[in-house]
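This report concerns only the one structure given below.
The values are calculated or read from the model by the stated rules, or taken from the named source; none is laboratory data. Since this is a predicted model, take the numbers as computed values, not measurements. Neighbour counts run over all protein chains shown; Cβ positions are idealised from the backbone, glycine included.
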Amino acid sequence: MFWLLTSFSSSQHTLPAGDPGWFLNAFFGSEAGNNMGCFEDPILDGMLERLSTIEDPETRVEASNALQARLREEVPISNLVTPDWHIGLSDRVRDYQVSPSPLSLFFFC
């Protein structure tokens, strides 16, 4: 079980490989399965396609840096954390129940 768990978790991020190619393709490609925001950018798609063909490590780093710079320009994700719950820390607060689902996730495509 431990081997299965560590093997599965190791395959879900870029750290073991040291290469951001999988993550960038999985989350920011226009047709990517994990592109929950439905972000589309033909320029970025072309950059992702080019990255997938590069074998030289130094050239991959340069291409990855350019991809990440493009993402910083386009800002396809903005993490806005706004909980819809509040906790009363005073003895004067009574009969208040915390919502069972404190955070809401919205995906708009």
> surrounded by 10 or more Cβ atoms within 10 Å (Cβ to Cβ) and modelled with pLDDT of 60 or more: does that describe residue 74?
Replying inline: yes
>> Would you confirm whether or not region 90-104 contains a residue that is surrounded by 10 or more Cβ atoms within 10 Å (Cβ to Cβ), of a type in the set (Ser, Thr, Tyr) and either over 30 Å from residue 18 (Cβ atoms) or at pLDDT below 60 (or both)?
In response: yes
>> Please go through region 32-42 and give me each residue that is touching a residue at least 12 places away in the same chain (Cβ under 8 Å) and of a type in the set (Asp, Glu), ordered by number.
In response: 41
